[in-house]
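The values are calculated or read from the model by the stated rules, or taken from the named source; none is laboratory data. Since the structure is predicted, the reported quantities are computational estimates derived from the model, not experimental observations. Every residue, glycine as well, gets a Cβ built from its backbone with ideal geometry; the counts of neighbours run over all protein chains shown.
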Amino acid sequence: MSHSGGHHGEHAAPGHVVSTKILVGVWLALMILTVVTVEIATVDLGSANLWVAMFVASIKASLVVLFFMHLFWDRKINMIIFIVSLFLLALFLGLALTDTGAYQPDLIPGYAPGMEQTPPATK
């Protein structure tokens, strides 16, 4: 069977080529943010620890997707949708994780396996 579409002999154009300077700069930023993440974990910020960790993680994920996955050079609406979605996800996870402390006092002592508390004595 012969195909005469004309597209079979053509090669796909290469994707966007990013300079080494940009890639090394983004990598350095990721390494610095990783050190920031580790250092912040050693500081007691109370309930803000979770929020700071989620914020730094969102920045790191944004850098990876924007520069290593070339979203920065794609249509700008895609970049905006991604960044807004990422921060909304971080907000959702942060709120869900902070909610777990709200029902901590209501746990039944000894109900969950592996809990350190012993069940109340029965008569």
statement: A careful count of residues in the range 31-59 that are of a type in the set (A, V, I, L, M) and modelled with pLDDT under 85 gives 3
query: Can you spot a residue in the range 36-55 that is under 19 Å from Ile22 (Cα atoms) and not β-branched (Val, Ile, Thr)?
result: no
message: For the range 75-123, which positions are touching a Leu at 6+ places or on another chain (Cβ under 9 Å) and at pLDDT 85 or above?
response: Asn78, Phe82
- prompt: Is it the case that the range 4-11 has a residue that's modelled with pLDDT under 90, of a type in the set (D, E, K, R) and over 19 Å from the mean Cα position of the chain (by Cα)?
  reply: yes
task: Scan the range 48-60 and give yes if some residue there is among the aromatic types (Phe, Trp, Tyr), within 12 Å of the chain's Cα centre (by Cα) and part of a helix (DSSP H, G or I), otherwise no.
output: yes
